[in-house]
Amino acid sequence: MVQKYKFLTEVELEFMTQLWELGQGTVRDLLDTLSPDRPLAYTSGATIMRILEQKEFVTSTKVGKTFIYHPVLTKDAYQTRSIKNLSEKLFDNTPASLVARLVNDSDLSPEALDAIRTLIDKRLKDDNS
């Protein structure tokens, strides 16, 4: 089924990031991992998880009275979807423009630039194999 909602809000992303890290968890597990700067009521956390389930980012299993949530989409898959969307909408579907903006405008260290060069070299080598 094609997902009606492809992207996460900021708070949904916070919850998904914690769920990806945990692998699975209850609302309480997720609330316990959030920053103390973000005090949320249990009911707010439960609402966020229900929304994530409606958006088909998570599934849940009921154990007693507790729901255990499991990510449907991997973090890597969500990152890929988000970058493709960014490239399409903001960079006229030209990934080179996105990378150029990152490389030219960011305060990247020589080590970070070397890491990017290594990734590109590896990709080119793999494509030519």
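The values are calculated or read from the model by the stated rules, or taken from the named source; none is laboratory data. Given the structure is predicted, the values throughout are model-derived calculations rather than measurements. Note: areas computed on protein heavy atoms with side chains; ligands, DNA, RNA excluded. Shrake-Rupley method; radii C 1.70, N 1.55, O 1.52, S 1.80 Å.
Quick one: ranking F91, F15 by accessible area, 1.4 Å probe, largest first, what do you get?
On the way: F91 35, F15 0 Å².
Result, largest first: F91, F15.
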How large, in Å, is the range 75-128 by the Kirkwood hydrodynamic radius built from its alpha-carbon pairs?
-> 12.4 Å
How much solvent-accessible surface does V63 expose, in Å² to the nearest 10, with a 1.4 Å probe and all protein chains in place?
-> 80 Å²
Cross-link partners among lysines for K89, C-alpha distance below 28 Å, same-chain residues fewer than 8 apart left out?
-> K4, K6, K55, K75, K122
Kindly express, to the nearest 10 degrees and within the range 0 to 90, the angle between helix 95-105's C-alpha long axis and the longest C-alpha principal axis of the chain.
-> 90 degrees
Given the Cα-Cα distance of E53 and N104 and 0.36 nm per residue of separation, how much length would full extension add, in nm?
-> 14.5 nm
Percent accessible area from carbon and sulfur atoms, the range 10-71, protein chains only, probe 1.4 Å = 51 percent
Would you mind classifying the range 41-95 by shape? Square roots of the alpha carbon gyration tensor eigenvalues, ordered a ≥ b ≥ c; an a/c under 1.5 is rounded, otherwise it is prolate if a/b is larger than b/c and oblate if not.
-> prolate
Kindly state, as a whole number, the per residue volume in cubic angstrom of the convex hull around the alpha carbon atoms of the range 10-71.
-> 73 Å³
Can you give the Kirkwood hydrodynamic radius of the chain from its Cα pairs, in Å with one decimal?
-> 17.2 Å
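With n ≥ 4 as the cut-off for DSSP H runs, can you work out [θ] at 222 nm for the chain, using -39500 (n - 2.57) per run divided by the number of residues, rounded to the nearest 500?
On the way: 6 runs with 78 residues, N = 129.
It lands at -19000 deg cm²/dmol.
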Could you pull the accessible area for S106 with a 1.4 Å probe, rounded to 10 Å²?
-> 50 Å²
Straight distance only, please: which aspartates and glutamates reach the Cα of K62 with their own Cα at less than 16 Å, same-chain residues fewer than 8 apart left out?
-> D29, E53
